[in-house]
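The values are calculated or read from the model by the stated rules, or taken from the named source; none is laboratory data. The model shown is predicted, which means the values in this text are computed figures rather than measured ones. Quick reminder, even Gly has a Cβ in these numbers, built from the backbone with ideal geometry, and neighbours come from all protein chains shown. Quick note on the areas: whole protein, heavy atoms, side chains included, nothing else; ligands and nucleic acids left out. Shrake-Rupley method; radii C 1.70, N 1.55, O 1.52, S 1.80 Å.
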Amino acid sequence: MPDQKKSPPAVKLFALAALFGVIVGAAAVYVKETGSGNGDAAETASASCPLTGEKVASLTPFMKGQVAAMSPASSPRPIALAFDGPDGKPTNVSAFAGKTLLVNLWATWCVPCREEMPALNALQKSLGSDKFEVVAINIDVGDDEKPKVFLDETAVHELGYYRDASMGVFNAMKKEGLAFGLPATLLLDENGCLIGSMNGPAAWDSDDAKALISAAVAPAAGS
């Protein structure tokens, strides 16, 4: 079998976190407000998440080590995001009902994103199931050539190919106070309710990350 490119060591991803401030500044210039409808969807998402608060409390102790930058949601709420699926057709977070999701926004021009993708790929390969999925959404403008070439070159083949060339997902998350630059990541429960958010890269193939995701997927006590 040909050698597959390994995901970067955790220390490299933590070093890249120092670049995040630069990416934030670049994103502030690069990302423009668009009329994708994502922002409107976020505004109209008024359903409550009464049980998510308990889940956030139970998962907060797992937000440590390699995933210490994950912030527990202070106000658990449904998150509505619209983007294109692997078939190129419109989809949204509600299409994944029943699955815990790690939603990650990335772009080929974002260096920490590029370094993080193999780790996300490894997490999906290790823990992906009918109960959990990494939903990595590319927000490059233009066509699919650059992101698809990058994924092929880095052997990132476990992740579904999700896209939003309008960057509407970023703008929706920014409006919710959940994204300040790239990469930006959300942890959502099986009902699409916010558990936690992170700005900057993380070693998603680490034991700490796997422990957090395993705990998030596990059924609540007494259920």
Exercise. Of the residues in the range 93-128, how many are closer than 20 Å to Asp140 by Cβ, aromatic (Phe, Trp, Tyr) and open to solvent by 10 Å² or more (accessible area, probe 1.4 Å)?
Worked result: 1
Exercise. Restricting attention to the range 166-219, which residues are touching an Asp or Glu at 6+ places or on another chain (Cβ under 7 Å) and either surrounded by fewer than 17 Cβ atoms within 10 Å (Cβ to Cβ) or over 23 Å from Ala122 (Cα atoms) (or both)?
Worked result: Asn171
For this session: Inspect the range 75-82 for any residue being at pLDDT 50 or above, in contact with a strand residue (DSSP E or B) (Cβ under 7 Å, 6 or more places away or on another chain), loosely packed, with under 15 Cβ neighbours inside 10 Å and within 21 Å of Ala216 (Cβ to Cβ) and give the result as yes or no.
Result: no
For this session: Output the number of residues of the range 130-164 satisfying the condition of being touching a residue at least 60 places away in the same chain (Cβ under 8 Å) and small (Gly, Ala, Ser).
Result: 2
Seminar exercise, completed: Looking across the range 134-171 at residues that are under 28 Å from Ser214 (Cβ atoms) and in a helix (DSSP H, G or I), the single one that is nearest to the chain's Cα centre (by Cα) is Val169
